[in-house]
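Heads up, the thing below is written out as structure tokens.
The values are calculated or read from the model by the stated rules, or taken from the named source; none is laboratory data. The structure presented is a predicted model; accordingly, all values stated were derived computationally and were not measured. Cβ: placed from backbone, ideal geometry, glycine included. Neighbour counts: every protein chain shown.
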Amino acid sequence: MAATEMSLMDEPDRLRVALTPIRRRLLARLREPASAVQLAAELGLPRQRVNYHVKALEQAGLIEMVEERPRRGFTERVMRATANAFLVDPGVLTSDGETAGAAGTAGATGAAQEDGETARVDDGFRRIADRYAAEHLVEVAAGTVREVTRMAAAADRRGVRLLTFTLETEVRFDAPDDVHRFTDELAEAVARVAARFDTPGGRSYRLVAGGHPTPRQGAEDDR
């Protein structure tokens, strides 16, 4: 069976296994099958040391054996990475495993229990603020990475294609207020098109649209 195209790393222990420099090098090299003997020769490292790291990667499910070759006095195990790319779930890097957005939602839910109408108004204002918050864009993008990677890996295992689409463009705004007007008009246009194509009982798709300043060439701190 071929390696999956992408694998989501959403377990802290599994991520720690892969983060050391030598193990990152091994994972990159093992996109193509190789044995510990080959890896040691290519990296200029003792075979025992390579074997130690290979075993740790295998136990974490990051690499797998694809072939055994009899050699003089021992059996050589040929290994390969279980995915061509490993993507880190940003949620793994938070201290409590929860995102700020989830905490905000929980807070809004609690308020709704006390005063439903006030909570709905407050939630509306919160969504408006979120629309222009960089943190919210990062949170939504992280969720997209998490969900699409998992579904793509599952589709890959079943031998089917995950149908997705991506829309990209650039627009130049003259003033900050133009961003707000553009966003409002875009939201209305998307709602109209979505209403035209929405079919009860159909396959549900999530559409995420975000905008951020285009990074300047060579700018390390782009404000």
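Contact map, region 46-63: first residue farther than 16 Å from ARG31 by Cβ, second residue exposed (fewer than 15 other Cβ atoms within 10 Å of the Cβ) and of a type in the set (Asp, Glu), Cβ cut-off under 8 Å, separation 6 or more or different chains; pairs are ALA60/ASP13. Against the test of being within 20 Å of the chain's Cα centre (by Cα) and either among the aromatic types (Phe, Trp, Tyr) or loosely packed, with under 11 Cβ neighbours inside 10 Å (or both), the options GLU139, GLU147, GLU168, GLU185 yield a single qualifying residue, GLU168. Evaluation of ARG14 against the conditions (1) in contact with a strand residue (DSSP E or B) (Cβ under 7 Å, 6 or more places away or on another chain); (2) of a type outside the set (Ser, Thr, Tyr); (3) assigned to a helix (DSSP H, G or I); (4) touching a residue at least 40 places away in the same chain (Cβ under 8 Å) shows that the sole unmet condition is (1). Does region 58-76 contain any residue that is among the hydrophobic types (A, V, I, L, M, F, W, C), at pLDDT 80 or above and in contact with a Leu (Cβ under 8 Å, 6 or more places away or on another chain)? For region 58-76, residues among the hydrophobic types (A, V, I, L, M, F, W, C), at pLDDT 80 or above and in contact with a Leu (Cβ under 8 Å, 6 or more places away or on another chain): present. For region 17-75, a residue qualifies if it is part of a loop (DSSP other than H, G, I, E, B) and surrounded by 15 or more Cβ atoms within 10 Å (Cβ to Cβ), and the qualifying residues are LEU30, PRO33, LEU45, ALA60, LEU62.
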